[in-house]
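Written out below as structure tokens is the structure these notes cover.
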């Protein structure tokens, strides 16, 4: 009788465990240019000039951080504004999760034209801006080029915020804009102090366009 009760308890515990896993399953989907995530609970609405092109990279990996192996989960969702065979603008929303936690100044090692913090829908996000030549090492770049779009040299503004009670989730929104045809694509975009007045004005307008390209709804 005692063994039978123990077996029932084990079965019940297993049932509750698997029910719990299904309840807390990560769910993310894009509908009408709006990305909804339940882990963390965020919702981004992307400007209708962009087209959703897919989920280029979804994985579970192990990576060494500070000499220790950490499990890392990475997930991203990509939107493109096409201009013939060129991606003139790109938005990529990226979700990172680690075993431990993210340090508060997570962009500290990024070499940038500008970086800091700004308010997005009442929440504090860190950001940086820099010139970039999109690399084929990036799953996002490979997916976009596989769809027939080139990504010339351009500027990016990247927003980031830590989520989760353990601080182990990082959400980033990556906004890219091609410099092709601007008349400024052949200039250096390395150090803000070395930018011409025309470049500084362009960077300011670029930042405004990045801010207006999406809404944070939750």
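The values are calculated or read from the model by the stated rules, or taken from the named source; none is laboratory data. Remember, predicted model here, so these are calculated numbers, not experimental data. All Cβ positions, even for glycine, are placed from backbone atoms using ideal geometry, and neighbour counts span all protein chains on display.
The condition (being exposed (fewer than 14 other Cβ atoms within 10 Å of the Cβ), modelled with pLDDT of 95 or more and under 18 Å from the mean Cα position of the chain (by Cα)) is satisfied by just one residue among 109, 123, 81: 123.
I want to confirm something. Restricting to segment 140-155 and keeping residues that are crowded, with 20+ Cβ neighbours inside 10 Å and under 16 Å from the mean Cα position of the chain (by Cα), which single residue is farthest from residue 56 (Cα to Cα)?
Among those that are crowded, with 20+ Cβ neighbours inside 10 Å and under 16 Å from the mean Cα position of the chain (by Cα), it is 155.
Being crowded, with 19+ Cβ neighbours inside 10 Å and in contact with a helix residue (DSSP H, G or I) (Cβ under 9 Å, 6 or more places away or on another chain) is the requirement here; does residue 163 meet it? For residue 163, the condition - crowded, with 19+ Cβ neighbours inside 10 Å and in contact with a helix residue (DSSP H, G or I) (Cβ under 9 Å, 6 or more places away or on another chain) - is not met.
The lone criterion from (1) touching a helix residue (DSSP H, G or I) at 6+ places or on another chain (Cβ under 7 Å); (2) over 22 Å from residue 55 (Cα atoms); (3) surrounded by fewer than 19 Cβ atoms within 10 Å (Cβ to Cβ) left unmet by residue 136 is number (2). Output yes when any residue across segment 190-205 is outside any helix (DSSP H, G or I) and closer than 14 Å to residue 115 by Cα, and no when none is. Looking for residues that are outside any helix (DSSP H, G or I) and closer than 14 Å to residue 115 by Cα, one finds at least one in segment 190-205, hence yes. Taking the criterion of being out of contact with any helix residue (DSSP H, G or I) (no Cβ under 7 Å at 6 or more places or on another chain) and closer than 12 Å to residue 207 by Cβ, the residues of segment 139-159 that qualify are 156, 158, 159. Filter segment 15-39 for residues that are in a loop (DSSP other than H, G, I, E, B) and modelled with pLDDT of 95 or more; which is farthest from the chain's Cα centre (by Cα)? Among those that are in a loop (DSSP other than H, G, I, E, B) and modelled with pLDDT of 95 or more, it is 32.
Scanning segment 127-166 for residues that are at pLDDT 95 or above and over 19 Å from residue 209 (Cβ atoms) yields a total of 3.
Can you pull out every residue in segment 177-187 that is in contact (Cβ under 8 Å) with a residue 12 or more places away in the chain and either in contact with a helix residue (DSSP H, G or I) (Cβ under 9 Å, 6 or more places away or on another chain) or surrounded by fewer than 19 Cβ atoms within 10 Å (Cβ to Cβ) (or both)?
177, 179, 180, 182, 184, 185, 187
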